[in-house]
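The values are calculated or read from the model by the stated rules, or taken from the named source; none is laboratory data. Keep in mind that this is a model prediction, so the values were computed, not measured. Ideal geometry is used to build each Cβ from the backbone, glycine not excepted, and the neighbour counts take in all protein chains shown.
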């Protein structure tokens, strides 16, 4: 007898599994349930007993109805009704919904909801698209092992932890922290609910170690929000031009008083600009100031760049294990400074998200034992907020384990090279870096909206960014490539874009 369970009945449908091939995603979940022993199931779980050769399984609606796993895709034919283009199946294109201005915001958001995990192909508003947007660079959000780990954790640990970190914590949360420590070579980590919150925790923990804050004008919103929480007029941030060591030098020289310690804040990878911060230049510049610090939000660098995919610091040959440290970490038991070849004069701090390339969720700060303990003692988040939900932590741990193998990252790099070479072949000017992100400015805002809409009508989704610091006044198109895109998908995008843009 085979024992199977429904772990999410409110969004499931009935499926029959026998000799029918449901695809690799379904098999991943089926394997999970097939391996579950009855003793490990919670007492309240409904168990379905079925015959050995034939069984009925309640599964996510996505596994049966989404076309994401079907690599053959029919073109989206369409017609116009009341000025809004409608597909041959009677479904409005998602970009047309936004452009039409019809309906209240909540209705629009519901209509544009993903009908399955974000992947190289996705269904939105009843239509199948090639998906070249977002930030799931390794494609792990839709990996069957990750989804299976989530379901198993739901059954074993429930949903929320039901307590704060100072009381009890579920094993998956600790597993994430151990995996990150192993990857980075750090002593200890603090895993929290989001990268947004992690940045706030990190900035707050550094209060009192600096006198003035200098921040890249294009830094993520979370960094600006974190700075707002720092008290005192001197802590009002001074912005410098995006990615400009020269402008930073001028701002430092023009605003720092004698013996004042600066804190420079920047993203590692700017995902909406397709650029990498010149970390080495910043470190060299800050070496001229005693007690200077550099804080890096590496949400879009971790898992993508660096020899081992450890992020922006590794990309610039800075050992990730040498950051997030205290003065005490540089002093031995006899009060002598430790000689460490990795030691850098500038204090470097970093936090990053596990919800981008890794495909999980949450943010993390990893460093020395002393630093992380001081951070936990100081932040109210550790004492007053729940840990990430156990199923989410379990999924994130599984995604980290897969990402650490490096196979998907190699595929991502190959796809990145193919995408950029083909776009250059179409006559587009493309930044020469390793990021799986392409930013295109193609004339006016109206023209770029037209291009985005025509791509959508032909079954390809890309992003249009109307405004962001560092972009021109007309905005830009943003293309993101995943490890799960096939060469054929990339070629379809580049050739279609070339035709639509008139190249």
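One table, with the values for the structure above:
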| read-out | value |
| --- | --- |
| Filtered residues of region 491-500 (kept if in contact with a strand residue (DSSP E or B) (Cβ under 9 Å, 6 or more places away or on another chain) and either without any contact (Cβ under 8 Å) to a residue 60 or more places away in the chain or more than 24 Å from residue 445 (Cβ to Cβ) (or both)) | 492, 496 |
| Sole residue being part of a loop (DSSP other than H, G, I, E, B), crowded, with 18+ Cβ neighbours inside 10 Å, at pLDDT 95 or above and not assigned by TED's automatic domain parsing to the domain that holds residue 229, chosen from 400, 435, 423 | 435 |
| Residue match in region 446-460 (condition: outside any helix (DSSP H, G or I) and under 21 Å from residue 242 (Cβ atoms)) | no |
| When residues of region 256-288 are limited to those that are in contact with a helix residue (DSSP H, G or I) (Cβ under 7 Å, 6 or more places away or on another chain) and not in a strand (DSSP E or B), the one surrounded by the most Cβ atoms within 10 Å (Cβ to Cβ) | 277 |
| Of residues in region 230-255 being over 30 Å from residue 479 (Cβ atoms) and not in a helix (DSSP H, G or I), the one modelled with the highest pLDDT | 238 |
| Flag for residue 116 being under 24 Å from residue 437 (Cβ atoms), in the same structural domain as residue 463 (by TED's automatic domain parsing), modelled with pLDDT of 70 or more and in a loop (DSSP other than H, G, I, E, B) | yes |
| Any hit, region 481-488, residues being outside any loop (DSSP other than H, G, I, E, B), touching a strand residue (DSSP E or B) at 6+ places or on another chain (Cβ under 9 Å) and in contact (Cβ under 8 Å) with a residue 24 or more places away in the chain | no |
| Residue ID - modelled with the highest pLDDT, chosen from residues in region 216-229 that are outside any helix (DSSP H, G or I) and surrounded by fewer than 20 Cβ atoms within 10 Å (Cβ to Cβ) | 217 |
| Condition broken by residue 310, with the remaining ones in (1) in contact (Cβ under 8 Å) with a residue 24 or more places away in the chain; (2) surrounded by fewer than 19 Cβ atoms within 10 Å (Cβ to Cβ) satisfied | (2) |
| Unmet criterion (only one of (1) within 18 Å of the chain's Cα centre (by Cα); (2) closer than 22 Å to residue 395 by Cα) for residue 219 | (2) |
| Residue among 137, 129 that alone is part of a strand (DSSP E or B), modelled with pLDDT of 65 or more and in contact with a strand residue (DSSP E or B) (Cβ under 8 Å, 6 or more places away or on another chain) | 129 |
